[in-house]
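Before any comments, here is the structure.
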Amino acid sequence: MTLRTDAALLIVAHGSTVNPDSSAPTLAHAAEIRRREVFAGVESAFWKEEPSLRDAIFLFDPELIREVCVVPNFISEGYFTQTVVPRELDLNGRVTKRPNGQIWKYSEPVGNHPMMTELLLKRACEVAPGVSPGETSLLIVAHGTDLNENSAVAAKREAEKIRALGKYATVLNVYMEEPPLVSDWRKLTKTRNVVVVPFFISDGLHSYEDIPSLLGIVVTAGVDRPTVAGGSVPPATAHGEIFRHNPYSIDNRSLFYAPSIGTDPGFADIIVEQALNAKS
């Protein structure tokens, strides 16, 4: 891929003031894309962290960078991609021309890319190597509730696409706060093997604690030791250990729990494609 000497990439994400892992995937993807030398500059900006979205307007020298491709690192269209990001970056559509002559192109969020289905399948295979998909249920977990309506729709879309492939015995989109509930996974599935993939951009409280608790994996506060009713898990040294003790044996079934999909290195490929395909 040829270096675009007058173009830069800006990856925008939510970030968090309380969860340091929130920005980690975005920063990692930016570093990987920077290494590939596809753009003259690659930067990240956040709603809840530094550098802020508002400050990002001044990250690229208009004398050197004539075009900035903005890619939202979000699972779906919604309040942040449609309202917050355009407002903070002073964008007036898919293409914005600054008074200094710089052109800013605003792409669709990464979650809209067709490659998302492939990444979900890849992650499911990685977390449960050697397990036959035909004897396995795959659960894609989103937040749910009206506050996250579009992410729920995105999870449903991906579940339908994977279900149509006929690889897994069961493929379900489930939610933390609306039916079908991830906490009802025992009733919703009949297979001995169950693979769970959180449909989030980054790992945080939801993937480290909330979803495991809803699944029946109990993490005792103040003690880095995930446990399961009827069994135990080796001591954990960090939050990420929750993903390293698969499978979890619950009610004589094997539960495989994956990190959030947004941590997959393949997101770097999606970000590049979204940037290059941004409306001209």
Original post:
So what is the 222 nm mean residue ellipticity for the chain from helices alone, if each DSSP H run of at least 4 adds -39500 (n - 2.57) and you divide by all residues, rounding to the nearest 500 deg cm²/dmol?
Top reply: -7000 deg cm²/dmol
Original post:
Which percent of the accessible heavy-atom area of the stretch 1-125 goes to carbon and sulfur, probe 1.4 angstrom?
Top reply: 54 percent
Original post:
For residue 42, which sequence-distant residues (separation of 5 or more, or a different chain) have an amide H within less than 5 Å of its own amide H, given hydrogens modelled in the peptide plane?
Top reply: 9
Subject >> Max mean-square fluctuation residue, GNM over the chain, Cα-Cα springs under 10 Å, options 91, 165, 214 >> reply: 165
**OP:** Would you work out the charge dipole size for the chain about its Cα centre, treating the Cβ of every Lys and Arg as +1 and the Cβ of every Asp and Glu as -1, and quote it to the nearest 20 debye?
**Re:** 720 debye
Original post:
Of the accessible area of the stretch 148-197, with the probe set at 1.4 angstrom, what percent is carbon plus sulfur?
Top reply: 50 percent
**OP:** Kindly sort 37, 67, 209 by accessible area of their heavy atoms, largest first, with the probe set to 1.4 Å.
**Re:** 37, 209, 67
**OP:** Please name whichever of 258, 206, 29 sits farthest to the positive end of the charge dipole of the chain, dipole taken about the Cα centre and charges placed at Cβ: Lys and Arg +1, Asp and Glu -1.
**Re:** 258
**OP:** Run the quick spin-label model on residue 94 and residue 164: label points 7 Å from Cα toward the beta carbon, then report their separation in nm to one decimal.
**Re:** 2.2 nm
Original post:
With springs only between Cα atoms under 10 Å, which of 246, 100, 173 fluctuates most in a Gaussian network model of the chain?
Top reply: 100
**OP:** Calculate, for the chain, the solvent-accessible area per residue in square angstrom, rolling a 1.4 angstrom probe over the heavy atoms of the protein chains.
**Re:** 46 Å²
**OP:** Work out, step by step, the length gained on full extension between residue 55 and residue 251: first 0.36 nm times the residue separation, then minus their alpha carbon distance; give nm to one decimal.
**Re:** 65.4 nm
**OP:** Among 41, 130, 101, determine the one that fluctuates most according to a GNM of the chain built with springs between C-alpha atoms less than 10 Å apart.
**Re:** 130
Subject >> Non-local Lys pairs in the chain, i.e. 8 or more apart or on different chains, that have alpha carbons under 22 Å apart >> reply: 12
Original post:
R0 = 35 Å: FRET efficiency of residue 153 with residue 64, Cβ-based, nearest 0.05?
Top reply: 0.30
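The values are calculated or read from the model by the stated rules, or taken from the named source; none is laboratory data. Quantities reported herein were computed from a predicted structural model and do not represent experimental measurements. Ideal geometry is used to build each Cβ from the backbone, glycine not excepted, and the neighbour counts take in all protein chains shown. Note: accessible area is taken over every heavy atom of the protein model, side chains too, but ligands, DNA and RNA are not part of it. Shrake-Rupley method; radii C 1.70, N 1.55, O 1.52, S 1.80 Å.
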